[in-house]
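S.K.: Once you've had a glance at the structure underneath, I'll fire off some questions.
The values are calculated or read from the model by the stated rules, or taken from the named source; none is laboratory data. Keep in mind that this is a model prediction, so the values were computed, not measured. Positions of Cβ are generated from backbone atoms using ideal geometry, with glycine treated the same way; all protein chains shown enter the neighbour counts.
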Amino acid sequence: MKVNRELCVGCKKCIPFCPQGAIHVENRKAFIDQEECVECGICVRQIECPRKAFYEPEEVRQWPRSVRKVFGDPTEKHESTGVRGRGTEEVKTNDVTGRVKRTEIGFALEFGRPSIGTRIRDVEVVTVPLAKMGIVFEPNNPLTSLLDTSTGIVHDDVRDEKILSAIVEFTIPMERFEEVARVVYEASKECKNTVFSWGLVVRFAEDGTIPAIKTLDKLGIHTTKNVKVNVGLGRPLCNE
């Protein structure tokens with residue numbers, strides 16, 4: 001996004017709206033730091049600029065800059081998945097999608113958040129060690145298309161693009177959980193440039209317990225009692 005500086009009067013009403021803190025005013029004119037802008041579109045959609053000075057330049061839709069738009073603007077669809085937002089319905093919507101079956105566990109490893117964002121290359125701290133383990137990354141996730149899935153390395157043309165957030169997503173058999181969780185836990189310590197969080201998706205056992213809890217305790221990763229539980233108000237695609 002950019003500012004038409006001929007229209008801008010430097011009122012500064014726009015500054016609080018940018019989730020990346022990329023809007024600045026200098027010499028009574030606003031401008032957007034193009035390195036930090038994630039093309040979320042909030043400045044165009046939400047700011048009531050008295051001069052209507054914000055606009056979307058043509059280069060926003062050109063590769064590789066267009067990557068920022070589809071990962072940052074919730075109104076944009078990813079061409080590879082047809083899903084808006086970050087382009088994935090995620091394993092945490094499993095109550096409807098049925099991606100994770102019984103005896104399996106799903107991982108959703110998220111890099112970045114509003115006000116911080118992430119460079120796409122940051123995901124390599126986990127994608128590289130996971131690829132070495134033979135992990136198959138979720139194909140119905142747009143981040144996967146930006147990786148060499150055999151090595152976990154991000155393609156050169158998008159490495160430095162700044163995006164709001166991205167999710168590394170995959171499913172494994174339950175018997176591999178401890179092995180993979182150890183690798184993810186250690187890899188997360190190397191994430192220095194952004195925030196990192198990981199979610200696990202697992203079905204309740206027949207006795208109502210969550211099979212992953214004991215393994216997490218063994219690893220020294222203690223879960224809280226207020227974990228997120230999806231009750232499943234849709235019709236699952238898979239009941240296995």
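S.K.: Could you tell me which residue of the range 82-98 is modelled with the lowest pLDDT, considering only residues that are crowded, with 21+ Cβ neighbours inside 10 Å, part of a loop (DSSP other than H, G, I, E, B) and not polar (S, T, N, Q)?
M.R.: 90
S.K.: Pairs under 6 Å by beta carbon, first residue farther than 17 Å from residue 138 by Cα in the range 169-198, partner at pLDDT 90 or above and part of a helix (DSSP H, G or I), six or more apart or different chains?
M.R.: Cβ pairs passing all conditions: 183/129; 187/125; 187/126; 187/129; 190/125; 191/125; 193/122; 194/122.
S.K.: Report yes if residue 224 is part of a loop (DSSP other than H, G, I, E, B), not hydrophobic (A, V, I, L, M, F, W, C) and not assigned by TED's automatic domain parsing to the domain that holds residue 125, otherwise no. Break it down into steps so the answer makes sense when it comes.
M.R.: Values: part of a loop (DSSP other than H, G, I, E, B): yes; not hydrophobic (A, V, I, L, M, F, W, C): yes; not assigned by TED's automatic domain parsing to the domain that holds residue 125: yes.
In short, yes.
S.K.: Another question, then. Since residue 12 meets every condition but one in (1) part of a helix (DSSP H, G or I); (2) out of contact with any Asp or Glu (no Cβ under 9 Å at 6 or more places or on another chain), which condition does it not meet?
M.R.: With respect to (1) part of a helix (DSSP H, G or I); (2) out of contact with any Asp or Glu (no Cβ under 9 Å at 6 or more places or on another chain), residue 12 is out only on (1).
S.K.: Identify, from the list 151, 127, 171, the residue that is at pLDDT below 95 and polar (S, T, N, Q).
M.R.: Values: 151 fails: at pLDDT below 95; 127 fails: at pLDDT below 95.
Being at pLDDT below 95 and polar (S, T, N, Q) holds for just one of 151, 127, 171, which is 171.
S.K.: Tally time: how many residues in the range 178-208 are small (Gly, Ala, Ser) and part of a loop (DSSP other than H, G, I, E, B)?
M.R.: Total meeting the criteria: 2.
S.K.: Let me ask something else about it. Would it be correct to say that residue 36 is part of a loop (DSSP other than H, G, I, E, B) and exposed (fewer than 13 other Cβ atoms within 10 Å of the Cβ)?
M.R.: no
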